[in-house]
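Everything on this sheet refers to the single structure shown next.
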Amino acid sequence: MSDTTNELQIAKRRTFAIISHPDAGKTTLTEKFLLYGGAINLAGSVKGKATAKHAVSDWMEIEKERGISVTSSVLQFGYDGFCINILDTPGHQDFSEDTYRTLMAADSAVMVIDASKGVEAQTRKLFKVCGMRGIPIFTFINKMDRDANDTFELLDDIEKELGIATCPINWPIGSGKRFKGVYDRKEKCVITYEDTEKGTKEGHTTKIPADDEAQLTAYIGEEARTQLADEMELLGGAGSDFDLEQVQNGKLSPVFFGSALTNFGVEIFLQYFLQMTMPPLPRKSDIGVIHPAEHDFSAFVFKIQANMNKAHRDRVAFMRICSGKFTAGMEVNHVQGGKIMRLSQPQQLMASERKMVEEAYAGDIIGVFDPGIFSIGDTICMPGESFRYEGIPTFAPEHFARVRQIDTMKRKQFVKGVNQIAQEGAIQIFQELSTGMEEIIVGVVGVLQFEVLKYRLENEYNVEIALENLPYAHIRWIKNKDIDVDKITGTSDMKRVKDLKGNPLLLFVNAWSVGMTLDRNEGLILEEFGRD
Ligand code: G4P
């Protein structure tokens, strides 16, 4: 495909995931991005602050009850000739698996950090996944209008906790009541902060060249000016130099400071971000690397969500377009399903409002109606082709429970519900190797998923369940092909099960049993992540 329009469209795309610990200001920052660019498509738009605590994306009842965002949403906006896709990720730590998958669909990540808190547990976890993919990570240190931790300490914290070098692109001058703005290290000027009216598009800022001492003193005061000079001298010796290649390989995180609430530093961030990020990245497949602009349409499924809209009782598969152009009504090859098909009801608006997509390009995310045929990680390409994108890793669940339906007459709904929810990837289900469907073991990454499962089965499938916690905490997929699992000499705390796809695996209570089992069975290969 060498259609120049397609190439131009793809070159304009920037697709990033926004991650943070809850309350760091991710939603507020996203809202401010939308102020600068006209929102093109909102797939579950950001939550309206203050008045309504839940986002439009919080369409699931459980989210409303808990005031947390369970599922990721996607939104698209235009800015300065770019077409930007933001993949929102749920902030709650228990929804990490969904978040991990969302990161698989992004080309870079923006990490929002609360300046008075530094790196928090959630950010650390998510970061591991970004690291696995080697995608660029941008840091926005937020809430500078409140008293913040020492800037050097904040940077140190990121470097130590997350193991990535940092390069401040701008530098804050004071914080809280004494926040005066930021120093732009590249432009060598100070952008002053005035407590702008909340939510206004244009903050009142003034740009002052750093060498204009008189004007600078007039704006930020003598004390702040000398402190800035001292800090810049210190930084000269301490910080990493900016290196675009390092940024693009995810080895160096450019750091920005601002206050999303008062709309300071957001546009500055956006402008640098767009200069430093790349259009949709090539992706690995079993026929080699697929380049977004040099290949016809292809995509992979990174998320499946059932019952998004109670009125429709439907299931939507979210796809990240990896190459070429998608046109509504076109025929495609669903590789794993072995079928040529038309993607039904493609939409870019996936929450309460929906908008049909006529065309979309590499970098974009579309949701399509799924009659139950897609699985996470599936590849979709043109009918003349057949290849598979590298699988999305299944993250190791850490909590397990045996689950059964209370009313035995509802076996059918129960099995259907559990299977559908598992296909979405919200839970993983396992069965005893020999006994078929009688006993179902559910594994989750975060315990809150047990509650989500219970709630959804009751509300969407009308099945009450009982959960019995199991002591297993370590899971290993068996990678040896043609192995007789029954012949593995295990430990007393080991259980043999299989996953939804029939892959054999072992559950252990204790970590040392894993090592013991490996010792006892020469040649046995155990892996912590399942990969298709
Ligand atoms: P999240 O999506 O990461 O969970 O964070 P969210 O944007 O919802 O922000 C969490 C809280 O922090 C909100 O306050 C928000 O107004 C506030 N906040 C966000 N950015 C800034 C900032 O730059 N400075 C200050 N001072 N506060 C900020 P809330 O009280 O929970 O909500 P609301 O009642 O203010 O709407």
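The values are calculated or read from the model by the stated rules, or taken from the named source; none is laboratory data. Since this is a predicted model, take the numbers as computed values, not measurements. Using ideal geometry, Cβ is built from the backbone for each residue, glycine included, and neighbour counts are taken over all protein chains shown.
In this structure, is F82 among the aromatic types (F, W, Y), touching a Gly at 6+ places or on another chain (Cβ under 9 Å) and modelled with pLDDT of 70 or more?
For F82, the condition - among the aromatic types (F, W, Y), touching a Gly at 6+ places or on another chain (Cβ under 9 Å) and modelled with pLDDT of 70 or more - is met.
Could you give me the residue pairs with C-beta distances under 7 Å whose first residue belongs to segment 476-500 and is within 15 Å of D519 (Cβ to Cβ), whose second residue is of a type outside the set (G, A, S) and surrounded by fewer than 15 Cβ atoms within 10 Å (Cβ to Cβ) wherever it lies, and which are 6+ apart or on separate chains?
Pairs found: R476/E527; R476/E528; T489/R520.
Is it the case, given these coordinates, that S116 is under 24 Å from V247 (Cβ atoms) and modelled with pLDDT of 85 or more? Let's see the steps before the verdict.
Values: under 24 Å from V247 (Cβ atoms): no; modelled with pLDDT of 85 or more: yes.
Criteria not met by S116.
Specify which of the listed residues (E464, E398, E460, E390) is in contact (Cβ under 8 Å) with a residue 12 or more places away in the chain and surrounded by 17 or more Cβ atoms within 10 Å (Cβ to Cβ).
E460
Which number in (1) at pLDDT 90 or above; (2) of a type in the set (S, T, N, Q); (3) over 22 Å from the mean Cα position of the chain (by Cα) marks the one condition that T379 misses?
Going through the list (1) at pLDDT 90 or above; (2) of a type in the set (S, T, N, Q); (3) over 22 Å from the mean Cα position of the chain (by Cα), T379 breaks only (3).
Only one of S2, S69 is over 20 Å from M276 (Cα atoms), within 14 Å of the ligand (Cβ to nearest atom), at pLDDT below 50 and hydroxyl-bearing (S, T, Y); which?
Just a single option satisfies the conditions, and that option is S69.
Could you count how many residues in segment 104-163 are under 22 Å from P393 (Cα atoms), part of a helix (DSSP H, G or I) and more than 16 Å from the ligand (Cβ to nearest atom)?
8
What are the residues in segment 8-31 that are part of a helix (DSSP H, G or I) and either near the ligand (Cβ under 9 Å from one of its atoms) or surrounded by fewer than 23 Cβ atoms within 10 Å (Cβ to Cβ) (or both), if any?
Those that are part of a helix (DSSP H, G or I) and either near the ligand (Cβ under 9 Å from one of its atoms) or surrounded by fewer than 23 Cβ atoms within 10 Å (Cβ to Cβ) (or both): L8, Q9, A11, K12, K26, T27, T28, L29, T30, E31.
Restricting to segment 469-511, name every residue that is under 32 Å from the mean Cα position of the chain (by Cα) and more than 22 Å from I440 (Cα to Cα).
K479, N480, A511, listed by residue number.
Looking at E294, E222, E231, E245, can you tell me which residue is modelled with pLDDT of 90 or more, over 25 Å from E161 (Cβ atoms), assigned to a helix (DSSP H, G or I) and out of contact with any Cys (no Cβ under 8 Å at 6 or more places or on another chain)?
So the residue among E294, E222, E231, E245 that is modelled with pLDDT of 90 or more, over 25 Å from E161 (Cβ atoms), assigned to a helix (DSSP H, G or I) and out of contact with any Cys (no Cβ under 8 Å at 6 or more places or on another chain) is E222.
Of the residues E468, E385, which single one is in contact with a Ser or Thr (Cβ under 9 Å, 6 or more places away or on another chain) and either at pLDDT 90 or above or in a loop (DSSP other than H, G, I, E, B) (or both)? Lay out the reasoning, then the answer.
Working: E468 fails: in contact with a Ser or Thr (Cβ under 9 Å, 6 or more places away or on another chain).
Of E468, E385, the one residue that is in contact with a Ser or Thr (Cβ under 9 Å, 6 or more places away or on another chain) and either at pLDDT 90 or above or in a loop (DSSP other than H, G, I, E, B) (or both) is E385.
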